[in-house]
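Below: the structure, in structure tokens.
Since every read-out is calculated from the coordinates, none of them should be taken as a lab result. Just so we're clear, the structure is a prediction, and the values are computed from it rather than from any experiment. Methodologically, a virtual Cβ is constructed for each residue, glycine included, from the backbone with ideal geometry; neighbour enumeration extends over all protein chains shown.
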């Protein structure tokens, strides 16, 4: 398919994680089999641990270079997606009540518009309070 981007780096990192989880099991079992301060399973324990370290280091480096490097957020698109997310209607509970906020969220989702647009459409909150009511940055930073 033209323009398709395969998620091979993410898939490769998942395979690394699977192998490391398997190695963790080997290390756990090997570590539990020591008797009298003598652990005959030390070679498998060391091998599994060192392999995990190498896999994680290589996987993280490759993922960073071939996937993460160069990614840039599109602030306008992020804002649009936030504004269209019906979940932000929860912030309206204190101002218009749960039932009305729920209706706003449902209408926004049904009509494919932002919560802000529905609030404006029905004149539920004065325009000067709307930005404060739907401040998504403030929603993510906790109380205070």
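Available extension along the chain between residue 95 and residue 69 is 5.1 nm, counting 0.36 nm per residue and deducting the alpha carbon span. The spacing between region 75-144 and region 1-16, judged by their C-alpha centroids, is 35 Å.
Between the entries (i) 44, 43, 30; (ii) 75, 46, 27; (iii) 69, 43, 28, the label attached to Cα extents along the principal axes in Å calculated for this structure is (ii). Rounded to the nearest 500, the 222 nm mean residue ellipticity of the chain from helices alone is -20000 deg cm²/dmol, with -39,500 (n - 2.57) taken per DSSP H run of at least 4 residues. Where does helix 42-63 land angle-wise versus the long Cα axis of the chain, in degrees 0 to 90, nearest 10? The angle comes out near 40 degrees. What the Cβ-Cβ distance of residue 40 and residue 17 gives, at R0 = 41 Å and to the nearest 0.05, is a FRET efficiency of 0.90.
Treating the angle as unsigned and between 0 and 90°, give the value, to the nearest 10°, between the Cα long axis of helix 98-111 and the longest Cα principal axis of the chain. Here the helix axis deviates by roughly 80 degrees. Compared with the dominant principal axis of the Cα atoms in the chain, helix 8-31 is inclined by about 50°.
In percent, what relative contact order does the chain have, based on Cα pairs under 8 Å that are 6 or more apart in sequence?
Working: 103 pairs, mean separation 24.3, N = 144.
So the answer I get is 17 percent.
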